[in-house]
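Taking it in order: structure first as structure tokens, then the write-up.
No value in this document is a laboratory result; all are computed from the given coordinates. Fair warning: this is a prediction, and the values are worked out from it, not measured in the lab. Counting neighbours? That spans all protein chains shown, and the Cβs are built from the backbone with ideal geometry, glycine included.
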Amino acid sequence: MKVQVTLTRSLIGRKKNQIRTANALGLSKVNQVVVHEKNEAILGMINTIVHLVKVEDL
């Protein structure tokens, strides 16, 4: 199963760990979309920045 993650809020002024998490997911620009396999590591990263992203199951 896959999950689609869209960065909906800017990373400017966020904590360093949130910026690094978004970059590790492949998100650097607003409205950028990435698709990842759904696993515990990815879900944990998404949980760290859940207030900045929109998540959809594929």
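What the phi angles of the range 52-58 give under the Karplus curve with 6.51, -1.76 and 1.60, with θ = phi - 60°, is a coupling list of 10, 10, 10, 10, 10, 7, 10 Hz, glycine and proline written as x.
For Val53, the residues whose amide H sits under 5 Å from its own are Thr8, ignoring neighbours fewer than 5 places away on the same chain, with H placed 1.01 Å from N.
Its relative contact order, with pairs defined as Cα atoms under 8 Å and 6+ residues apart, puts the chain at 56 percent. When the charge dipole of the chain is built from unit charges on Cβ atoms (+1 for Lys and Arg, -1 for Asp and Glu) and taken about the Cα centre, the candidate among Gly26, Gln4, Leu58 whose Cα reaches farthest toward its positive end is Gly26. Read through the labelled values (i) 40, 28, 12; (ii) 30, 25, 19; (iii) 33, 20, 16 and report the label of the one computed as Cα extents along the principal axes in Å from the structure. Recomputing Cα extents along the principal axes in Å here picks out (iii).
Taking Cβ atoms as reference points and 10 Å as the exclusive limit, the residues near Leu52 contribute a net charge of +3, counting Lys and Arg as +1 and Asp and Glu as -1. Neighbours of Val3, meaning other residues whose beta-carbon lies under 13 angstrom from its beta-carbon, give a summed charge of -1 when Lys and Arg score +1 and Asp and Glu score -1.
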